[in-house]
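Below is one structure, written out as structure tokens, with a few remarks after it.
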Amino acid sequence: MANGTYKNILEERNAQMIEQMRDKQEVGWSNPAYLPFDFVNGVCELVVSDADIEDAKKRLERFAPFIMKEFPETRETGGLIESPLVEIDKMQEGLKKEYTCEIPGRLFLKKDSHLAIAGSVKARGGIYEVLKHAEDLALKNGMLKEQDSYEVFADEKMKEFLSGYTVQVGSTGNLGMSIGIMSAALGFHVIVHMSADAKQWKKDLLRSKGVEVIEYEQDYSRAVEEGRKNSDADPKSYFVDDEKSVNLFLGYAVAAGRLKKQFEEQGVVVDEEHPLIVYIPAGVGGAPGGVSYGLKRLYGDLVHCFFVEPVECPSVMLGIATQKFEHANVRDYGMTGKTEADGLACASPSSFVTRIMTNLLSGGFTVNDSKLYDFLRLLYKTEEEQIEPSSCATFIGPVRLLEEEETKAYCKKHALTEKILKNATQIVWATGGRLVPDEIRKEYLEKYL
Ligand SMILES: *Cc1c(COP(=O)(O)O)cnc(C)c1O
């Protein structure tokens, strides 16, 4: 009986992809579990509804006056942490030439690489979760009433109150930066547990902001495990759990509605004749999962979401493909989990995201580390823009979409014909980079040459 189960059918269809992954080849994968949005909407809604996302959006708006006061860099956006959407036609031409490929439609860069405060996509989820926790504590302890202006969070009295509480997180770098910086600004005692992959400059920057950084010689899962244990032992400590947090996910999901507004402002149409294709680098899956989920809720079948991961660390794709979810570990499939893309170095994926995205993710790509730097240089050369290596993984998406057997077949199956694709909007999601120090930027431009 075992042979006919859904799981076995999936396993069979994914076998070839997993073999290629074992061989450390770059893969293009179309998710065999992908379903039309209407099929999954009902169940998804029970887990994370539009109202939940709206609630998160409103919470961020309530905190805007505090954020604006504490971080003047957000004044321009009225205390909202949002990034520009820019067309990168010169990069598009550059990619087409360099990789002799077709990239139909218009190619845009969503610059979460330049988000205020944390300089990465983590400024969405990470900061949201810390704000929510601060709000919960303040409400519960009579320090805040819902109708108060949230500027009160800038008051010394509030900071003193929050200094009695601890926030902890395990991170490969950027999550720690967003949680660390915002928690410190709110007055929390904050401890960031950093995996071996974390770059030195990120640890230095955090320490300079008064954040306690604990370093591990092991990988991300271990940093999370230790952080969780440490936090559980202290009743006044709160652990931001990247491997299963719904609050992080909600913070990321708010991006979708904001993007829709940018489309309207910039005259970008999304409809049956003008599909939307989005590529986002995945680590544990939270950021790409939340953003994609938000987009699916708004655009349904009109949006096609692809995750991108390093050749040595495709944990989210494996978690979904094998339906082993958080139990999938890249090392069980012959990969090392080691990559220059520090933000993507998670050997096992999020339990929550791999489940909720199982039927919503269109597919994914893996990319070699050396290519990250080629993309980094090409972007710099064509658009005078520099983002961090993890972030550059995203460019493999538009380059390979019509070159890989599986994703080409996906396009065919979903009426993404040549004619329709000409009208497509393709978005490469840049997930980090603004805070990279100058001397490291220079190093990146020369790496793997
Ligand atoms: C964290 C991160 C990602 C991926 O986010 P996950 O939630 O771990 O999947 C991608 N790029 C950068 C630069 C990151 O810091």
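The values are calculated or read from the model by the stated rules, or taken from the named source; none is laboratory data. Predicted model, so just to flag it, every value in this text is computed and none were measured. Heads up, the Cβs are rebuilt from the backbone with ideal geometry, glycines too, and the neighbour counts pull from every protein chain shown.
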**OP:** Go through (1) away from the ligand (no atom under 12 Å from the Cβ); (2) closer than 28 Å to residue 59 by Cβ and name the single condition residue 282 misses.
**Re:** (1)
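So, residue 268, is that one away from the ligand (no atom under 16 Å from the Cβ) and either over 11 Å from the mean Cα position of the chain (by Cα) or not assigned by TED's automatic domain parsing to the domain that holds residue 422 (or both) or not?
On the way: away from the ligand (no atom under 16 Å from the Cβ): yes; either over 11 Å from the mean Cα position of the chain (by Cα) or not assigned by TED's automatic domain parsing to the domain that holds residue 422 (or both): yes.
When the stated conditions are applied, residue 268 passes them.
Kindly provide the set of residues from segment 285-311 that are in a loop (DSSP other than H, G, I, E, B) and within 15 Å of the ligand (Cβ to nearest atom), ordered by number.
285
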Original post:
With segment 355-449 as the region, which helices (runs of 4 or more DSSP H) entirely inside it contain at least 3 residues that are crowded, with 18+ Cβ neighbours inside 10 Å?
Top reply: 369-383, 389-392, 396-400, 405-413
Subject >> Qualifying residues in segment 140-155 (those that are over 31 Å from the mean Cα position of the chain (by Cα) and of a type in the set (S, T, N, Q)) - the one nearest to residue 64 (Cα to Cα) >> reply: 147
Original post:
For segment 361-398, what are the residues that are closer than 22 Å to residue 241 by Cβ and either more than 14 Å from the ligand (Cβ to nearest atom) or of a type in the set (Gly, Ala, Ser) (or both)?
Top reply: 390
Original post:
Has segment 421-441 got at least one residue that is of a type in the set (Val, Ile, Thr) and more than 16 Å from the ligand (Cβ to nearest atom)?
Top reply: yes
Original post:
When the residues of segment 20-39 are filtered to those that are charged (D, E, K, R) and over 11 Å from residue 360 (Cα atoms), which remaining residue is surrounded by the most Cβ atoms within 10 Å (Cβ to Cβ)?
Top reply: 26
Original post:
Could you say which residue among 244, 324, 236, 261 is within 16 Å of the ligand (Cβ to nearest atom) and of a type in the set (Lys, Arg)?
Top reply: 244
